[in-house]
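To start, the structure itself, in structure tokens.
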Amino acid sequence: MAVSTSFSGAKLETLLLKCGSSNATTTPTTTHFSVFGKNRKTFVQTQRGAIRCEVSASDVAADPTKKAAAVSALEQLKTSAADRYTKERSSIMVIGLSVHSTPVEMREKLAIPEAEWPRAIAELCSLNHIEEAAVLSTCNRMEIYVVALSKHRGVKEVTEWMSKTSGIPVADLCQHQFLLYNKDATQHLFEVSAGLDSLVLGEGQILAQVKQVVKVGQGVNGFGRNISGLFKHAITVGKRVRTETNIAAGAVSVSSAAVELALMKLPEASHANARMVVIGAGKMGKLVIKHLVAKGCTKMVTVNRSEERVAAIREELKGVEIIYKPLSEMLTCIGEADVVFTSTASENPLFLKDDVKDLPPATDEVGGRRFFVDISVPRNVGSCLSDLESVRVFNVDDLKEVVAANKEDRLRKAMEAQAIISEESKQFEAWRDSLETVPTIKKLRAYAERVRMAELEKCLGKMGDDINKKTQRAVDDLSRGIVNKLLHGPMQHLRCDGSDSRTLSETLENMHALNRMFSLETEISVLEQKIRAKVEKKP
């Protein structure tokens, strides 16, 4: 793909030269380095971050040839920048922060509720160099997947957007975030969907969350062909890994790990009689209840906004006493509990120190300290509760202690899954490569249409003004028919679904050959058209 040299070169020249008139009081930090062989240039970066290119006046006066060399160097710089910019293929990339490298205090500020995903996609795609986008926001990760028209500009724009929406400075984000491009980004999402990147290896909830991204993205402007195709393929990979390997055998979810953690911390003698309260009856809360039952718990209190979900869980788990309480009685229920599990979608803490400090203590059987196990992101339990001697607080980051067991077995299962992921990654990349021919197809058709119209006008001009409309239509249809017949062969050789690597290779060779034969690469590229259209939309 190519963007015109005049477009990028002009912008670069403005960037390099307009700073020459910047405020003289700004103190510059000067870095010298050599570019283009012996023609040394001085690049000056001011405190405001502006960059300018300076040529010493004394050098030019001493040797007039240096002036020509300086101009030549600038032209080379413009050309090389334009060439780099415009030959750049749009990239799939992921900018993310996960439980492996980012504390929950930061992740909760970045979290985006599912209902806000369409808005986030729209905002991301309004950025100059972002064409498609998707948001994967869970308790363990916040990942933004985009198709960027320019890799480096795209990273900058998305990072600044994340900073703006979360209130976290860019510098702090950069300390924790990871960046992956194209094949690496593809492989990462496939590993996520397969449960290989989860805190709990092989857990199934992440696959459901990847499916939800596709469900929410359907019909959303910006959830385009590349990103949609990537996530749909990730779902296929997640299903295949779980079907063809035993990675899910014995795997636990975040909810089950939370139950295990609570039981690990409680005195063993108290397991049968500890008073359990679950706040929230959504997917996570339901799983907590199921795992408590599996561990022998036969009575618990569930606090939820409405009774409907609690009644459905009670109907499913017959023989277990599940007592429903409304949110208005939440603090009363907490005062009568030994262990409290929280898993709601609230964006603000449900419990702060002042809410809990005067509650009756937990029973002596559990040591007199009340346990809060918070698996929500953003957190439902304020970290300030840890200051109270009568309380112990755990969040999703503390689950690492539970999942550290059976590490060798999990690594062996992961190796089996990686073979499948590698195969599926190649298939997805082949499909994406096959899309490369689309711009060539469009440009070839446009080229043929221009030739047809030019020749048609010549023909009709020679036939005179008295030609009737029926004859005009016949000549027009004839020209269209000839063009379509001539294009049929080349078009057939430009179409490929990417399933056969040999056919794909031949298709790409045909594409390059047609680009050379018809000089299609000299035309304004689809990439530049997209960038220009985005810039022109700006108010």
Region 291-402, accessible area per residue, ligands and nucleic acids excluded (1.4 Å, Å²): 51 Å²
Under the Karplus curve 6.51 cos²θ - 1.76 cosθ + 1.60, θ = phi - 60°, whole-Hz ³J(HN,Hα) for region 319-324, x wherever Gly or Pro sits: x, 10, 8, 10, 8, 8
Highest-first arrangement of 103-110, 115-122, where packing means the average Cβ count within 10 Å: 103-110, 115-122
Orientation-averaged projected area, Cα convex hull of region 144-295 (nm²): 12.1 nm²
Accessible heavy-atom area order of Leu179, Leu399, highest first, probe of 1.4 Å: Leu179, Leu399
Long-range HN-HN contacts of Asn395 with modeled amide H, under 5 Å: Asp374
FRET efficiency, 1/(1 + (r/R0)^6) with R0 51 Å, evaluated for Glu347 and Leu456 via beta carbons: 0.25
Shape call, region 112-155: gyration tensor on alpha carbons, a/c limit 1.5: oblate
Debye intensity ratio in log₁₀ form over the Cα atoms of region 252-370, taken at each q of 0.14, 0.17, 0.20 Å⁻¹: -0.56, -0.84, -1.18
Per-residue HN-Hα couplings for region 467-474 [Karplus 6.51, -1.76, 1.60; θ = phi - 60°; Hz; x = Gly/Pro]: 5, 7, 5, 5, 5, 4, 5, 5
Exposure ranking of Phe231, Phe518 by accessible area [1.4 Å probe, largest first]: Phe518, Phe231
Cross-link pairs Lys443/Lys485; Lys239/Lys290; Lys265/Lys400; Lys164/Lys211; Lys232/Lys442 - those with Cα-Cα distance over 21 Å: Lys239/Lys290; Lys164/Lys211; Lys232/Lys442
Accessible area of region 328-487 belonging to carbon and sulfur atoms, whole % at 1.4 Å probe: 52 percent
Dipole in debye (nearest 20) - region 356-484, about Cα centre, beta carbon charges: Lys, Arg +1; Asp, Glu -1: 960 debye
Heavy atoms of Arg379 accessible to a 1.4 Å probe, total area in Å² rounded to 10: 30 Å²
5 angstrom amide H check on Ala133, placed H, neighbours 5+ away: Val147, Phe223, Gly224
Which of Val259, Thr236, Ala281, positive extreme of dipole for region 230-338 (C-beta unit charges): Thr236
J(HN,Hα) series, region 345-356, from Karplus relation 6.51 cos²θ - 1.76 cosθ + 1.60, nearest Hz, glycine and proline x: 8, 4, 8, 10, x, 7, 10, 10, 4, 5, 6, 10
Lys/Arg +1, Asp/Glu -1 at C-beta; region 283-405 dipole; positive extreme among Ile322, Ile334, Val393: Ile322
Ranked order, Lys295, Lys443 - accessible area, probe 1.4 Å, largest first: Lys295, Lys443
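The values are calculated or read from the model by the stated rules, or taken from the named source; none is laboratory data. Because the structure is a prediction, the values reported are computed rather than measured. Note: ideal-geometry Cβ built from the backbone for every residue, glycine included; neighbour counts use all protein chains shown. Note: areas computed on protein heavy atoms with side chains; ligands, DNA, RNA excluded. Shrake-Rupley method; radii C 1.70, N 1.55, O 1.52, S 1.80 Å.
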